[in-house]
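These notes are about the structure you will find just below.
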There are 2 protein chains.
Amino acid sequence: MNIDGATRLYAIIGDPVVQVRSPAVYTAHFAERGINAVMFAAQASRESFDAAIRGLMALGNLDGLLITSPHKTSAMAFADELSTRAKIVGAINALRREPDGSWTGDMFDGVGFVGAAQKIVAISGKRALLFGCGGAGAAIAAELAAHGARSIALVDPSEHRALALRDALATYFDGCSVTVGNDGATHEIVINASTIGMKEGDGLPGDPGVIGAGTLVGDVVLRPPATPTVLVRLAQEAGAHVVTGQDMHAGQLDAISAFFKGVR
Amino acid sequence: MNIDGATRLYAIIGDPVVQVRSPAVYTAHFAERGINAVMFAAQASRESFDAAIRGLMALGNLDGLLITSPHKTSAMAFADELSTRAKIVGAINALRREPDGSWTGDMFDGVGFVGAAQKIVAISGKRALLFGCGGAGAAIAAELAAHGARSIALVDPSEHRALALRDALATYFDGCSVTVGNDGATHEIVINASTIGMKEGDGLPGDPGVIGAGTLVGDVVLRPPATPTVLVRLAQEAGAHVVTGQDMHAGQLDAISAFFKGVR
């Protein structure tokens, strides 16, 4: 890649940022398409976040931002418009400048995951069981509902968090029945969006019910393929379809670059 | 060059920025030395300058800034410490973050020029005549005084501007005699730091006095070598030493990269 005075800017803002892959991935993506643009990592602590994002948004040659931990919720306040899924999740991971100078916020954390799942089975009409109602879980639930899932059962150690997500989903999707708690029914889609599985020795995030060859099992926990989570291992043994955290990340690049491209 | 989450950031802030060469030059300079750093151009209007520079300075992985037109004066307010030459000029073109988190501002506009002159003749003990007391002229005057020039005669259409520069120089350099107006004496160093010579048909910036083979003539006006200013042509015909605007730019890179490196 080259960089000059005419190079358009994108940044990923977070703390820490040394581990983020987006600068290399998006900058290569731009270069391959002959677009004179780079993405750089912008490290901003919680204390400096407001000044940092205001400053980046004040640059006339900066067209978009990615937002990563711990700023996904705080960043919402800087969007003039929010997508429905961003409102449901209560967080954004991307901001773009519109031609009129306003900023639109969106949340793509569920997009890659559900996009990968949708390639295997149609989400429409399916019953889903979702463990974990944090940011990732909320993003996935919003995408499942948007893709026409018939029902979603939400399971979270905090019943309040699950109830809040149910209410947010109900506001925007009245065709999808959302319940809180594991009803013990059989679900065609079972997803772990909790942190259970990150640590060695972690078991299942909860009772997944009957898993068979027709079940789609997803797990957002990022692990090397050789050491799958207990849930993924169970799914593999049952011959079920599996979507992993890797698939979730791969699917985001295309969706976010289309989001940015929409105003380029 | 490559860019990743660990890439250290430098930016040049100005408006416009599409024409600036620093992003390409410094990024190549870093890459050649195996330093994982980039410089990008940050476009900020006068209205958005404060927010923009505050935001850039809030980034934990941004180590330095270059400042170009029209922000060189406004940027001073963001420095915790200023070099003597920055105080004399009343403007900065570089800011670096110190290990304690404070910011030091410096002004290198005169450094490249006087550095190039110093390679040809020792400045110490010389009498200088300087046309133009704006930013470039003030920066060059401060460097001449710092290098031990015996005297500097300042010529500017605004006598107030020349007097203000004389007073600023007198505050810091009592060994250098600074006068306002062309005294008609012979000067070993004659420099044009005014804009005269930029337009086709421009003549001399003023009476340069006697120019001989021993005179050093400088002209900050950037022109193609084939179409020198009237002052440079006069100097060439007299067999004098000549320093051009190109030399001024070339000399800045080393000085500024040493300034940034001082805290790396």
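Any read-out appearing in this document is the output of simple, stated calculations on the displayed coordinates, not a laboratory observation. What you see is a predicted model; the values in this text were computed from it and never measured. Heads up, the Cβs are rebuilt from the backbone with ideal geometry, glycines too, and the neighbour counts pull from every protein chain shown.
Classified by the C-alpha gyration tensor, region A:4-113 has a rounded form. Its axis ratio a/c, with a ≥ b ≥ c, is below 1.5. Charged neighbours of B:Ile120, selected by a Cβ distance under 13 Å, balance to 0 (K, R count +1; D, E count -1). Express in % the proportion of alpha carbon pairs of region B:77-216 at distances exceeding 22 Å. It works out to 37 percent of all Cα pairs. Using every Cα-Cα pair within region B:92-145, state what percent have a distance larger than 12 Å. Tail fraction, whole percent: 69. As an exercise, take the mean of 1/r over every pair of distinct alpha carbons in region A:47-101, invert it, and state the Kirkwood radius in angstroms. Over region A:47-101, the inverse of the mean reciprocal pair distance is 11.6 Å. In the protein assembly as shown, helices alone account for a calculated mean residue ellipticity at 222 nm of -10000 deg cm²/dmol, with every DSSP H run of four or more residues adding -39,500 (n - 2.57). With label points set 7 Å from Cα along Cα→Cβ, the inter-copy distances at A:Asp167 are 6.6 nm, sorted shortest first. What sits nearest the axis between copies B and A, counting only chain B Cβ atoms, is the residue and whole-Å distance B:Gly55, 0.
GNM on chain B, alpha-carbon springs under 10 angstrom: the most fluctuating residue among B:Gly181, B:Gly112, B:Gly203 is B:Gly203.
Taking every C-alpha pair closer than 8 Å and separated by at least 6 residues, the mean separation divided by the residue count of chain A gives a relative contact order of 15 percent. Rounded, prolate or oblate for region A:154-195? Axes are the square roots of the Cα gyration tensor eigenvalues, ordered a ≥ b ≥ c, and the cut-off for rounded is a/c under 1.5. Oblate, because a/c is 1.5 or more while a/b does not exceed b/c. Among B:Thr215, B:Thr244, B:Thr227, the largest mean-square fluctuation in a Gaussian network model of chain B, built with springs joining Cα atoms closer than 10 Å, belongs to B:Thr227. For peptide A:25-33, the mean count of partner chain Cβ atoms within 10 Å of a residue's Cβ comes to 1. With its label point put 7 Å out from Cα toward Cβ, B:Gly184 sits 11.2 nm from the same residue's point in the other copies, in order from shortest.
Using a 7 Å projection from Cα along Cα-to-Cβ, the label point at A:Ala213 is separated from the same position in the remaining copies by 9.9 nm, smallest value first.
Binning the alpha carbon pair distances of chain B at 5 angstrom intervals from zero yields the distribution 1, 6, 13, 17, 18, 15, 12, 9, 6, 3, 1, 0, expressed in whole percent.
What net charge is computed for the residues neighbouring A:Gly245, neighbours being all others with C-beta under 9 Å from the C-beta of A:Gly245, Lys and Arg scored +1, Asp and Glu -1? Present the calculation step by step, with values, prior to reporting the outcome.
Numbers: positive: A:Arg223; negative: A:Asp219, A:Asp247.
Value of the local net charge: -1.
Shape analysis of the protein assembly as shown yields a ratio of the Cα radius of gyration to the Kirkwood radius, Rg/Rh, of 1.16. Beyond 30 Å in Cα-Cα separation lie the following of the pairs B:Lys199/B:Lys261; B:Lys119/B:Lys261; A:Lys199/A:Lys261; B:Lys87/B:Lys126; B:Lys87/B:Lys119: B:Lys199/B:Lys261; A:Lys199/A:Lys261.
Computed over region A:135-264, the P(r) curve from all C-alpha pair distances, binned at 10 Å from the origin, holds 12, 39, 36, 12, 1 percent per bin. For B:Ala24, neighbours were defined as the other residues whose beta-carbon sits under 14 Å from its Cβ, and their charges (Lys and Arg +1, Asp and Glu -1) total -1.
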